[in-house]
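Down below is the structure, laid out as structure tokens.
Since every read-out is calculated from the coordinates, none of them should be taken as a lab result. Everything quoted here is computed from the prediction, not taken from an experiment. Cβ coordinates were reconstructed from backbone atoms using ideal geometry, including for glycine residues, and neighbour counts include every protein chain displayed.
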Amino acid sequence: MDILVLMKVVPDVVEELEVGSDGKSLDTSFLRTIINERDDHALEQALLLKDKHGGKVTLLTLDAPDIDDVLFTALAKGADRAVKICGVESVQSTQTAVKLFGETIAKTPGLLPVDLILTGVSAIDDLDGLMAAPIAQQLGWPYAGVVTQVALADKTATVIKEFAGGVRGEYEVPTPAVLGIQAAEKPPRYVPVAKVRAAMKSQTIESVDAPAVEAATTVEVQQMAKPQVTGHAEMLEGSPEEVADKICELLAKRGLL
Amino acid sequence: MAGNIWIIAEAWRGQVSEITFELLALGREVAGQAGAPLEAVLLGSNARELAQKLGAADSVLYADNAALADPVPENFATALAQLIKEKQPAAVLVPLTNLSVDVGVVLAAQLGVPFLNYCKDLKAEGGNLTATCVLYGGKMEATVTASAKPAIIGILPGARPVEQGRSDKAATITDVAVTLAAPKVHFKRYLESEAGDVDITQKDFLVAVGRGIQTKDNLDLAEDLAATLGGAVCGSRPVIDQGWLGLSRQVGKSGMLVKPKLYVMLGISGAPEHVEGMKGSQCIIAVNTDAAAPIFNVAHYGVVGDALEVAPALTEKIKARKG
Ligand SMILES: Cc1cc2nc3c(=O)[nH]c(=O)nc-3n(C[C@H](O)[C@H](O)[C@H](O)COP(=O)(O)OP(=O)(O)OC[C@H]3O[C@@H](n4cnc5c(N)ncnc54)[C@H](O)[C@@H]3O)c2cc1C
Ligand SMILES: Nc1ncnc2c1ncn2[C@@H]1O[C@H](COP(=O)(O)O)[C@@H](O)[C@H]1O
């Protein structure tokens, strides 16, 4: 069972985010980026399937700052091959990115055939659409998104999609297929830094030149800003004990104690 | 603006979902600005009576097809693509729920147009649509113009009040036909929500833990607080994904919708997918080390501090009061 995993880096939202001088994008001067959380789940799901069925897990991504760290970490976790598409700006409209991936997947030796292409279900910096569906469309493959379980057998992936209120749906998807992963069946595995360092020494990341595609976008950012808030919490200050006292007071006042 | 403003109605197991009415409310405003009619589109199988609930729209298109009985996004998208080519709407508003998001993205892929994501507000101005979209887990908002025709726009739950989109007016329904081939993806069955040990939707007091709780062991602090309050512990997605709490305890888009009397949040950032599930709580208290956490725009009371210190202190104080 061979699987291609698409992964991207996004700003770490635990850090303070600021708007850049253009007023339309993030200030990147102190920006720390990390793997998009859903992509970590896509990788884990691929590795779980590899643990079960064997086969090869290949990572494919657009070049971006810090992407090597993400790729080496994934290699250390058990992925077999990492390929990055170089020579393009890291930020692309989804439509352009889809063309870049579509062409690269079709033309780079050894990327196809695969049984599955896994992506994160969506990225937190995404404005103009989830990539998995248009990639599936381009390849003529089936697609399913918001997936939380994948079982492979006999040219068919049985997947569970999550709805709401804990209700889920079971689907059969003929492979090859593209799946947008919401959560892997198990939490993403941990890999010690020493193993990542070892991967950096022993493994390589392949670079391929970006295919020439026409950039396309019909979505334009006019302005970016921190959310304008209509309300803000009344802040309770002091030591944990003082804060606890204040909470007790307000709960008592509301008849909740 | 040439063309109608469309909202895609969502039916979920025999009911019109609440978000449909939120879309009707928002769509009404946009249609007003655009000087265009508001049209609702409902797809289903033997679901015509649901179309009657959509009277807030100027007109309703109802497509009935046996292939639309099950939640197969590809079928819904193919049906919509046919109707869009025929009727040429100016914009298509799609619910950003786990159920409908795939309809929107497959539709956009079929039509070769972008799918505007995370939209919480929308305006028609000078022949263009301007959307306000929520990025980076709620930490930023972008104002975006979409020049695609038609623009397919994913609307976040909560964009407008549900009540604003309900109407007693009789809907003007037009039946339309769609042709559907066998889909590539086959729906097999629903898996019902796991019989949870507790039903968090029925609790007056909830203590919600997020990634900020850091380890499974620290959940004890939340359990103690919940027990002292007479409530239950629930959590955000990362806590469930880690396996620290069962699926029945998840609050948010994919989880439960809760409206307790008190919702205490320990280390939850306030991403839109979580807020969706708890914003109706009567009293929300958030504890977070990050003073800029988006949850402080939602909570009634906020504490910038370490949940691992505040939770046990609060448990002690409440115990002392209750005696
Ligand atoms: C399709 C889809 C569906 C989703 N459905 C859901 C859903 O149903 N429910 C849901 O919750 N999420 C859902 N999500 C995920 C959602 O986008 C967020 O990733 C998630 O809600 C974040 O959880 P969190 O706030 O616990 O973690 P984070 O965003 O990582 O936040 C952790 C917070 O803890 C704070 N913190 C750290 N240490 C401490 C400390 N010691 N004391 C106090 N605070 C501390 C940090 O400052 C931070 O604000 C969904 C996502 C997608 C794409
Ligand atoms: N530049 C990129 N490089 C690699 N994968 C990507 C890229 N952009 C999007 N993806 C994949 O597509 C998923 C959805 O992203 P998005 O379409 O931006 O919401 C991500 O979680 C990734 O798995």
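How large is the convex hull of the C-alpha atoms of segment A:73-201 per residue, in Å³? Could the numbers behind the result be given before it?
Numbers: hull volume 19.0 nm³, N = 129.
Cα convex hull per residue, to the nearest whole number: 147 Å³.
Ellipsoid fit via the Cα gyration tensor, chain B: semi-axes of 40, 21, 17 Å, each the root of five times an eigenvalue, largest first.
Report the charge-dipole magnitude of segment A:2-209 in Debye, nearest 20, computed about the Cα centre from +1 at each Lys and Arg Cβ and -1 at each Asp and Glu Cβ. Result for segment A:2-209 is approximately 800 debye, rounded to the nearest 20. How many angstrom lie between the Cα centre of segment A:241-257 and the Cα centre of segment B:166-203? If you average the Cα positions of each part, the centres end up 42 Å apart.
Comparing B:Leu229, A:Val196, B:Gly302 along the charge dipole axis of the protein assembly as shown, the residue lying farthest to the positive side is B:Leu229, per the Cβ-charge model. Considering only A:Met131, A:Thr148, A:Ala177, and ranking their Cα positions along the charge dipole of segment A:115-220 that arises from unit charges at the beta-carbon of Lys, Arg, Asp and Glu, the one farthest toward the positive end is A:Thr148. For segment A:65-86 and segment B:38-83, what is the separation of their Cα centres, given in Å? Cα centroid to Cα centroid, the span is 44 Å. If I take R0 = 45 Å and measure r between the Cβ atoms of A:Glu242 and B:Glu125 in this structure, what FRET efficiency does the formula 1/(1 + (r/R0)^6) give, to the nearest 0.05? Calculated transfer efficiency: 0.40.
Near A:Thr156, the amide H atoms lying under 5 Å from its own belong to A:Thr175; only residues 5 or more places off or on other chains count, and H is placed 1.01 Å from N.
Here the extension length gained between B:Glu223 and B:Lys259 equals 11.0 nm, from 0.36 nm per residue of separation less the Cα-Cα distance.
Calculate the FRET efficiency for B:Ser147 and A:Ala225 from the Cβ-Cβ distance with a Förster distance of 22 Å, rounded to the nearest 0.05.
Numbers: r = 22 Å, r/R0 = 0.98.
Given R0 = 22 Å and the Cβ-Cβ separation, E is 0.55.
For the pair B:Lys216 and B:Thr172, label points projected 7 Å from Cα toward Cβ lie 6.0 nm apart. Ranked by how many other Cβ atoms sit within 10 Å of their own Cβ, fewest first, the residues A:Cys86, B:Cys133 fall in the order A:Cys86, B:Cys133.
Roughly what angle does helix B:73-87 make with the longest principal axis of chain B, taking Cα atoms, 0 to 90 degrees, to the nearest 10? Here the helix axis deviates by roughly 40 degrees. Seen from every direction in turn and averaged, the convex hull around the alpha carbons of the protein assembly as shown projects onto 26.3 nm². With bins 10 Å wide beginning at 0, the percent of Cα pairs of segment B:261-304 falling in each bin runs 34, 61, 6. Length, then width, then depth: along the principal axes, the Cα atoms of chain A run 67, 44, 41 Å. The tail of the calculated P(r) for segment B:1-109, taken as Cα-Cα distances beyond 21 Å, holds 27 percent of the pairs.
Taking label positions 7 Å along the Cα-Cβ direction at both A:Ala106 and A:Glu206, the computed distance is 1.9 nm, reported to one decimal. The alpha-carbon atoms of segment A:1-117 define a convex hull whose volume equals 109 cubic angstrom per residue.
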